[in-house]
Amino acid sequence: MDSLSWVVFHPFELVVLYQLIGLVALLLCSGFASASEVAFFSLTPNDVNTLSKSSSRGAETALRLSGMPDYLLATILILNNLVNICAVIVANAILDQLVAFNSVAIEFLIKTVLLTFLLLLFGEIMPKLLSAANARRVVQFASVPLMGLKHLFKPFSWLLIHFSNGIGRRLAVKRENISMDEISDAVEITSDQSVEEKRILSGIANFVHTQVEEIMRPRVDIVAVDAEVDFLTVCETVKKSGFSRIPVYEESIDHIRGILYVKDLLPYLDSGDDYGWQGLMRPPYFVPEHKRINDLFTEFQNQKIHIAIVVDEYGSTMGLVSLEDILEEIIGEIADESDVDRSYYTQLDPDTYIFEGKTHILDFLKITGSDDDYLDAFKGESETIAGMMMEAKRDFLKKGDTLSFRCYTMTVEAIEGRRIAKIRVRIDRQYTDQGSS
């Protein structure tokens, strides 16, 4: 008899062989239960459709079990726990017959580590990995034995289901709504959608957080007509703009008096220059800059309108937002035959761009591959990259002026009046956050 200071080995006896066979059988049963759980609860609609077309007994039984998930899960869990407990008892008996420990601590450590390893490897990890890749075949193989066990364990399953449901009803915290942040997180960690599907899902998730000022067309880009101009001028403006709805103002664009629908002009195209087209204007719809676009979308539906004028706290016109702008936040750019190329940037090389100064900071960051909050420390109250440069400079900029924002070096490329029209952007791919100017 070999011995060490803390362990003594006993001679091998025939009964140990039977116990080893029993332990292997129990581990197989544990693996069967684990594999069945993963297989049944990972069936896809396509798998279910395939099973429904099969005439085999296993497929038919699998569909019946899938229709009673509570009893199926209870049966699998009862089986798994029973065989795991039996496996622990048998393995403990085998060790006691093979080895005698002189240290209680060593005995506890070895038995715990060994039994945990056996149960995890052969009873959980390997069966679940194999089952996940062959779910349909596993459920057909396992369905008939599980149906028999369901009937055998039915009294226990019934007690477990009703007891757990009762506790769940008492302790459950009611949640009527899932937050949009949780939906956004779920979209980010989802891996089985295409890039386009993820973009649309992200647009839906961020829908309630987006404000009108983030998607509006700024006032400097609004095409509008003065209420005092003649009919010919109105028609020329319509042809040149390509828009189907045009705001009408008095004196300045801060005093919008109506919206002119191009379709309302069609019956009067042959009228003279003195035609009183002002009578065709429809009432304007005004919205505050901080209104959320999901609320505006509902208002558009209820009011049956497609365009709104965005105003600030003083009532001055800030911009214009349309139903198309809102939809584009979800599904992306919508182009039609009347659209002209309004590309607001040009990529000269992998690290150099020419952007229009009015480019929204969030659009700029998406195009250049940075996080939405990457320039939060610099933008202040500004919404465009030209505004951010002026915020940093605290003064008007001249052509050739250069400013740096983390990895971006921005140079004024063109000036129109006092507006920054074009900005050359150079990206330093080697930049590290050791400082910024």
>> Residues that are among the basic types (Lys, Arg), at least 2 per element: which helices (runs of 4 or more DSSP H) completely within the range 13-67 meet that?
In response: 57-66
> How many of the residues making up the range 289-327 are β-branched (Val, Ile, Thr), outside any helix (DSSP H, G or I) and within 13 Å of residue 211 (Cβ to Cβ)?
Replying inline: 2
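If we keep just the residues of the range 122-136 that are of a type outside the set (Val, Ile, Thr) and free of Cβ contacts under 8 Å to residues at least 40 places away in the same chain, which is nearest to residue 65 (Cα to Cα)?
Per the criteria, the residue is 133.
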>> Considering only residues that are in contact with a Lys or Arg (Cβ under 9 Å, 6 or more places away or on another chain) and of a type in the set (D, E, K, R), which ones fall in the range 400-415?
In response: 401, 413
> What are the residue pairs meeting all of these: first residue in the range 242-258, first residue under 12 Å from residue 322 (Cα atoms), second residue polar (S, T, N, Q) and part of a strand (DSSP E or B), Cβ atoms under 8 Å, and 6 or more apart or on different chains?
Replying inline: 245/322
> Among the residues of the range 29-59 satisfying the criterion of being touching a residue at least 40 places away in the same chain (Cβ under 8 Å) and among the charged types (D, E, K, R), which is surrounded by the fewest Cβ atoms within 10 Å (Cβ to Cβ)?
Replying inline: 57
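Residue-by-condition table, conditions (1) under 30 Å from residue 46 (Cα atoms); (2) of a type in the set (Gly, Ala, Ser); (3) at pLDDT 85 or above; (4) buried (at least 19 other Cβ atoms within 10 Å of the Cβ):
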site	(1), (2), (3), (4)
86	no, no, yes, no
104	no, no, no, no
108	no, no, no, no
117	no, no, yes, no
123	yes, yes, no, yes
138	yes, no, yes, yes
147	yes, no, yes, no
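State which residue is modelled with the lowest pLDDT when the search covers only the range 315-328 and only residues that are closer than 26 Å to residue 420 by Cα and surrounded by 12 or more Cβ atoms within 10 Å (Cβ to Cβ). Walk me through it before giving the result.
Step one: filter the range 315-328 for residues closer than 26 Å to residue 420 by Cα, giving 315-322, 325.
If we keep only those that are surrounded by 12 or more Cβ atoms within 10 Å (Cβ to Cβ) too, we end up with 316-322, 325.
Values: 316: 88, 317: 91, 318: 90, 319: 90, 320: 92, 321: 92, 322: 90, 325: 85.
So the residue we want is 325.
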>> Quick check on my filter: what residues within the range 184-233 are modelled with pLDDT of 60 or more and part of a loop (DSSP other than H, G, I, E, B)?
In response: 206, 210, 216, 222, 223, 224, 227, 228, 229, 230
> Can you tell which of 304, 240 is modelled with pLDDT under 90, exposed (fewer than 14 other Cβ atoms within 10 Å of the Cβ), more than 16 Å from residue 224 (Cα to Cα) and of a type in the set (Lys, Arg)?
Replying inline: 304
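The values are calculated or read from the model by the stated rules, or taken from the named source; none is laboratory data. This is a predicted model, so every value here is computed, not measured. Positions of Cβ are generated from backbone atoms using ideal geometry, with glycine treated the same way; all protein chains shown enter the neighbour counts.
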